[in-house]
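Below is one structure; the comments refer to it alone.
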Amino acid sequence: MKSFLNKEINSFKNAFNGIKLLISSERHFQYHILAVFLTILVNLILGISKSEWLVILLCFAIVLSTEAINTSLEKMLDVIHPARANWVKEAKDIAAASVLISSLISFIIALIIWIPKIME
């Protein structure tokens, strides 16, 4: 039982270390964190509903997760194939596209929530 708990504790430590690495060294993740804080501020000012908060929180999770996965993939590809082969560039571009897509859709969702509140 103790071994199981130690493994689980280490898993959480590793995950928190990953978050620390993203925040401290990844510029695009830092931009997304800034966007999260600004969005929270706007949401507080506009007084969005509980269900709207849930949608926004889900958007935060999707954008931050896709950025983390993108960063992880880029780092892995840099190790696996340091030379800039075309397939490496394509894989990185596609991973970056997933972040862009999730960010743009999240922004559209925020506008759908915010515009009626602003128009009141």
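The figures follow:
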{"item": "Top-ranked residue in region 11-23 [being open to solvent by less than 80 Å² (accessible area, probe 1.4 Å) and of a type outside the set (A, V, I, L, M); ranked as nearest to PHE60 (Cα to Cα)]", "result": "GLY18"}
{"item": "Check on GLU52, open to solvent by less than 80 Å² (accessible area, probe 1.4 Å) and in contact with a Lys or Arg (Cβ under 8 Å, 6 or more places away or on another chain)", "result": "no"}
{"item": "VAL88 vs. criteria modelled with pLDDT under 95 and either touching a Phe, Trp or Tyr at 6+ places or on another chain (Cβ under 7 Å) or open to solvent by less than 60 Å² (accessible area, probe 1.4 Å) (or both)", "result": "yes"}
{"item": "Number of the exception - ALA83 against (1) more than 24 Å from LEU21 (Cα to Cα); (2) aliphatic (A, V, I, L, M); (3) assigned to a helix (DSSP H, G or I); (4) modelled with pLDDT under 95", "result": "(3)"}
{"item": "Per-region count, region 62-84, residues surrounded by 12 or more Cβ atoms within 10 Å (Cβ to Cβ) and over 23 Å from the mean Cα position of the chain (by Cα)", "result": "1"}
{"item": "Given (1) over 17 Å from the mean Cα position of the chain (by Cα); (2) part of a helix (DSSP H, G or I); (3) of a type outside the set (Ser, Thr, Tyr), index of the condition LEU54 fails", "result": "(1)"}
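The values are calculated or read from the model by the stated rules, or taken from the named source; none is laboratory data. Given the structure is predicted, the values throughout are model-derived calculations rather than measurements. All Cβ positions, even for glycine, are placed from backbone atoms using ideal geometry, and neighbour counts span all protein chains on display. What goes into the accessible areas is simple: the full protein's heavy atoms, side chains included, and nothing from ligands, DNA or RNA. Shrake-Rupley method; radii C 1.70, N 1.55, O 1.52, S 1.80 Å.
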